[in-house]
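The next block holds one structure in the form of structure tokens; read it before the comments.
The values are calculated or read from the model by the stated rules, or taken from the named source; none is laboratory data. Because the structure is a prediction, the values reported are computed rather than measured. Quick reminder, even Gly has a Cβ in these numbers, built from the backbone with ideal geometry, and neighbours come from all protein chains shown.
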Amino acid sequence: MPELPEVETIVRELKQAAVGKKFWKVEGRLKSVFMPSFDAVARNIKGLRILDVTRRGKYIIFVLDKKMRLVIHLRMTGRLMWKKVKGREKFICAIFYFSDARQLIFSDVRKFGKIYLYNEKEFEKRTGIGRLGREPLETDLKTFLKMFDSRRGILKNTLLRQDILAGVGNIYADESCFRSGFHPSSRIEKMDKKDLAKLYEAVQYCLNEGILHCGVSVSDFVGTRGTLGKHQNYLQVYGRKGDPCYLCSKPIQKMVAAGRGTFYCLNCQKKK
Ligand SMILES: [Zn+2]
């Protein structure tokens, strides 16, 4: 699933390529991805111009004129591309046509992705953006400590909660646990201020590195121009079961935590 760095990569590409364009029409091949409905989106998007493209958590937000917002959530396997890709045509859910004849194609193998069109007053409530927690990269250490200080729960589960920190998913949660040296099953309430400061640094580092390398392309993520992210080459634990830890050479372990495949080093990550 694309996480914060992958979505940020897409948003940066769209900022360059899509701002200023005007929607001509939208074709819906899988109408259930559209909210509130395909007909409403098709009727209202005509003639709207893209003023900006931003991100909140894992949501892509097109800021449109007439105070409208087009919001896209890629979920597990959604993709936004400027070109049709061989082998992926049958997964196309929507095609946005612009007045300059360009097309932006939304395809989704597992069809969990969503396209929303609402006005600026409604969109946060209707998309779930209103329930998101803080943007991790816009949170300073002091605020982070305040957020986690009185919190109880399992470290990995807490990192995955979008209502606390928005945008961290399975990959970056595992990488952050490894970098901070804590076992993913650690209890937050047993971590002191120094531990939490380490965790803060790790989350910041892992997300920033992910953005720097244009995201991870291990499953389905590609940029809007079809380019692969490079961050999979820099992952320390995720997807490395049985491979030697880069710090201690012991094999990386895999377990299920928070219902997700979780990678860690038994030797380097202490359970609090
Ligand atoms: Zn190790």
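Could you please find all residues in the stretch 250-263 being in a strand (DSSP E or B) and within 16 Å of the ligand (Cβ to nearest atom)?
P251, I252, Q253, K254, M255, T262, F263
Is it the case that V203 is part of a strand (DSSP E or B) and of a type in the set (A, V, I, L, M, F, W, C)?
no
Give just the number: which of (1) in contact with a strand residue (DSSP E or B) (Cβ under 6 Å, 6 or more places away or on another chain); (2) within 16 Å of K21 (Cα to Cα); (3) free of Cβ contacts under 8 Å to residues at least 60 places away in the same chain does K66 not satisfy?
(1) is the only condition that K66 fails.
Taking the stretch 95-132, which residues are within 20 Å of F38 (Cβ to Cβ) and surrounded by fewer than 14 Cβ atoms within 10 Å (Cβ to Cβ)?
Within the stretch 95-132, R110, N119 qualify.
Considering only the stretch 30-50, state which residues are more than 19 Å from the chain's Cα centre (by Cα) and in contact (Cβ under 8 Å) with a residue 60 or more places away in the chain.
Answer for the stretch 30-50, where residues must be more than 19 Å from the chain's Cα centre (by Cα) and in contact (Cβ under 8 Å) with a residue 60 or more places away in the chain: L30, S32, F34, M35, P36, A40, V41, N44, I45.
Scan (1) within 21 Å of the chain's Cα centre (by Cα); (2) in contact (Cβ under 8 Å) with a residue 40 or more places away in the chain; (3) part of a helix (DSSP H, G or I) for the single condition V53 breaks and write down its number.
(3)
What is the number of the single condition among (1) within 13 Å of the ligand (Cβ to nearest atom); (2) more than 19 Å from the chain's Cα centre (by Cα); (3) closer than 26 Å to R134 by Cα that L266 does not meet?
Going through the list (1) within 13 Å of the ligand (Cβ to nearest atom); (2) more than 19 Å from the chain's Cα centre (by Cα); (3) closer than 26 Å to R134 by Cα, L266 breaks only (3).
When K84 is evaluated against the numbered criteria (1) in contact (Cβ under 8 Å) with a residue 40 or more places away in the chain; (2) in a loop (DSSP other than H, G, I, E, B), which criterion, by number, is the only one it fails?
(1)
Go over the candidates L235, L199 one by one and state the one that is assigned by TED's automatic domain parsing to the domain that holds I154, closer than 28 Å to E8 by Cα and more than 16 Å from the ligand (Cβ to nearest atom).
L199
Please find, within the stretch 117-163, the residue that is nearest to F23 (Cα to Cα) out of those that are aromatic (F, W, Y) and either outside the structural domain of L196 (by TED's automatic domain parsing) or outside any helix (DSSP H, G or I) (or both).
Just the residues of the stretch 117-163 that are aromatic (F, W, Y), to begin with: 118, 123, 144, 148.
Keeping just the survivors that are either outside the structural domain of L196 (by TED's automatic domain parsing) or outside any helix (DSSP H, G or I) (or both) gives 118, 123.
Values: Y118: 15, F123: 19 Å.
By that ranking, first place goes to Y118.
For L247, which of the numbered conditions (1) within 16 Å of the ligand (Cβ to nearest atom); (2) crowded, with 17+ Cβ neighbours inside 10 Å; (3) free of Cβ contacts under 8 Å to residues at least 60 places away in the same chain fails to hold?
Against the list (1) within 16 Å of the ligand (Cβ to nearest atom); (2) crowded, with 17+ Cβ neighbours inside 10 Å; (3) free of Cβ contacts under 8 Å to residues at least 60 places away in the same chain, L247 comes up short only on (2).
Of the residues that sit in the stretch 238-262 and are under 19 Å from the mean Cα position of the chain (by Cα) and not hydroxyl-bearing (S, T, Y), which one is modelled with the lowest pLDDT?
Top of the filtered list is A258.
Check L212, L196, L266, L207 and return the single one that is at pLDDT 95 or above and touching a strand residue (DSSP E or B) at 6+ places or on another chain (Cβ under 9 Å).
Being at pLDDT 95 or above and touching a strand residue (DSSP E or B) at 6+ places or on another chain (Cβ under 9 Å) holds for just one of L212, L196, L266, L207, which is L266.
Can you confirm whether K271 is under 24 Å from D149 (Cβ atoms), within 16 Å of the ligand (Cβ to nearest atom) and at pLDDT 95 or above?
Against the criterion (under 24 Å from D149 (Cβ atoms), within 16 Å of the ligand (Cβ to nearest atom) and at pLDDT 95 or above), K271 qualifies.
One residue is enough: does the stretch 36-54 have a residue meeting the conditions in the same structural domain as Y97 (by TED's automatic domain parsing), in contact with a His (Cβ under 9 Å, 6 or more places away or on another chain) and surrounded by 20 or more Cβ atoms within 10 Å (Cβ to Cβ)?
Checked the stretch 36-54: no residue is in the same structural domain as Y97 (by TED's automatic domain parsing), in contact with a His (Cβ under 9 Å, 6 or more places away or on another chain) and surrounded by 20 or more Cβ atoms within 10 Å (Cβ to Cβ).
Out of everything in the stretch 1-20 that is assigned to a loop (DSSP other than H, G, I, E, B) and under 24 Å from the mean Cα position of the chain (by Cα), what residue ends up being farthest from Q232 (Cα to Cα)?
The extreme case among them is V19.
Output the qualifying pairs, or none if there are none: Cβ atoms under 8 angstrom, residues six or more apart or on different chains, first residue in the stretch 116-139 and modelled with pLDDT of 95 or more, second residue in a helix (DSSP H, G or I) and surrounded by fewer than 16 Cβ atoms within 10 Å (Cβ to Cβ).
Listed pairs, sorted by first residue: L117/A40; E124/G130; R134/T143; L137/N208.
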